[in-house]
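The values are calculated or read from the model by the stated rules, or taken from the named source; none is laboratory data. Computed from a predicted structure; not experimentally measured. Counting neighbours? That spans all protein chains shown, and the Cβs are built from the backbone with ideal geometry, glycine included. Surface accessibility is based on the protein's heavy atoms, side chains included, excluding ligands, DNA and RNA. Shrake-Rupley method; radii C 1.70, N 1.55, O 1.52, S 1.80 Å.
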Amino acid sequence: MKTAIYPGSFDPMTLGHLDVIERAASMFDTLTVSVLNNKAKSPLFSVEERVKILQEATGHLSNVHVDSFSGLLIDYCKEKDVHIVIRGLRAVTDFEYELQVAQTNRMLSHGDVDTLFLTTSLEYAYLSSSSVKEIAAFGGDIRQCVPEFMVQRVYDKFKRGE
Ligand code: ADP
């Protein structure tokens with residue numbers, strides 16, 4: 001069985017993430033999309049909400065599972081017996097950071113965990129979770145950034161904060 005883990009904050013998930021998920025899911029027997037529970041960040045959506053959103057967005061992909069984790073990614077990979085991590089690359093700005101993380105994970109896992117990069121589809125190259133939050137905070141149109149069912153949920157987060 002070929003399996004992989006796609007970890008991330010997904011706060012919130014965007015169409016760029018979904019594109020990476022769909023492409024990775026077609027390459028592996030199973031793909032686990034896992035929300036990082038990063039206590040250092042104060043997120044817009046709770047981990048539980050992000051898991052639920054990812055489950056709804058990937059309902060059409062029978063080999064995709066959604067989970068969450070905290071702590072080191074390589075420990076989580078070991079626990080799941082998975083050796084491949086998926087990450088997306090948008091531009092050179094992602095590259096330096098992603099390369100460092102991938103090499104660190106290889107070193108820490110003694111070569112047991114490798115990272116596979118998928119380059120972004122051009123139509124989503126500009127998309128990031130932080131720009132979605134910024135646009136939504138000012139009431140801008142996010143319909144081209146997230147799936148339809150998420151649009152109101154993102155706006156609602158900002159209404160509650162007013
Ligand atoms: P993190 O906080 O771990 O970077 P993100 O949720 O921001 O988590 O991103 C998770 C992964 O998805 C990263 O590898 C990131 O580069 C990738 N990603 C984010 N947005 C896009 C996009 N528009 N196209 C392709 N990959 C993306």
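Brief remarks on what is shown
- Evaluation of G71 against the conditions (1) within 12 Å of the ligand (Cβ to nearest atom); (2) not in a strand (DSSP E or B) shows that the sole unmet condition is (1).
- Residue that is modelled with the lowest pLDDT [pool: residues in segment 116-157 that are aliphatic (A, V, I, L, M) and assigned to a helix (DSSP H, G or I)]: L122
- Scanning segment 119-146 for residues that are more than 10 Å from the ligand (Cβ to nearest atom) and within 15 Å of P12 (Cβ to Cβ) gives K133, E134, I135, A136, A137, G140, I142, R143, Q144, V146.
- The set of residues from segment 4-24 being more than 8 Å from the ligand (Cβ to nearest atom) and either open to solvent by 10 Å² or more (accessible area, probe 1.4 Å) or of a type in the set (S, T, N, Q) (or both) comprises L18, E22, R23.
- Residues located in segment 102-118, provided they are over 15 Å from the mean Cα position of the chain (by Cα) and either within 14 Å of the ligand (Cβ to nearest atom) or small (G, A, S) (or both): A102, T104, N105, S109, G111
- Positions within segment 57-71 being open to solvent by 60 Å² or more (accessible area, probe 1.4 Å) and either in contact with a helix residue (DSSP H, G or I) (Cβ under 7 Å, 6 or more places away or on another chain) or among the hydroxyl-bearing types (S, T, Y) (or both), in sequence order: S62, S70
- All positions within segment 25-44 that are open to solvent by less than 60 Å² (accessible area, probe 1.4 Å), within 11 Å of the ligand (Cβ to nearest atom) and part of a loop (DSSP other than H, G, I, E, B): N38
- Picking from residues in segment 74-91 that are under 16 Å from M27 (Cα atoms) and within 12 Å of the ligand (Cβ to nearest atom), the one that is most open to solvent (accessible area, probe 1.4 Å) is R87.
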